[in-house]
Amino acid sequence: MLTWWFADGRIIDAILLLVLAEAVVLAWRFGRPGRWAASLAAGFMLMLALRLALGSASPVWLALCLLLSLAAHLVDLWIRLRPRSAAWRVTSARGGSGTAASPASTAP
């Protein structure tokens, strides 16, 4: 039974469908792409590249998937490593929620 899933790469198809379902649920839950989108896209493109390699696809398609995965990884790193705004650091240092306070809420 399990060999059928692995013999022709159908397990990768199932994983790709699960990743797409996860993207739909996250988009529904959060309303717009956030920090999760780049990471999910990178993983999806890597799995798609694996599926194409198992299916003897053209090397051009394989290279395109790998390049898109690299781009998504770089975007993910940029999102995670970019410096926070000064307002976020001040509010966070005061023990706030980590979001910038509005001028009205900081007035005495």
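A quick yes/no check of all residues on (1) in a loop (DSSP other than H, G, I, E, B); (2) modelled with pLDDT under 90:
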position	(1), (2)
Arg29	no, yes
Arg32	yes, yes
Val60	no, no
His73	no, no
Arg80	no, yes
Pro83	yes, yes
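What about Val19, is it at pLDDT 90 or above, exposed (fewer than 12 other Cβ atoms within 10 Å of the Cβ) and closer than 30 Å to Ala7 by Cβ?
Criteria not met by Val19.
The values are calculated or read from the model by the stated rules, or taken from the named source; none is laboratory data. This is a predicted model, so every value here is computed, not measured. Positions of Cβ are generated from backbone atoms using ideal geometry, with glycine treated the same way; all protein chains shown enter the neighbour counts.
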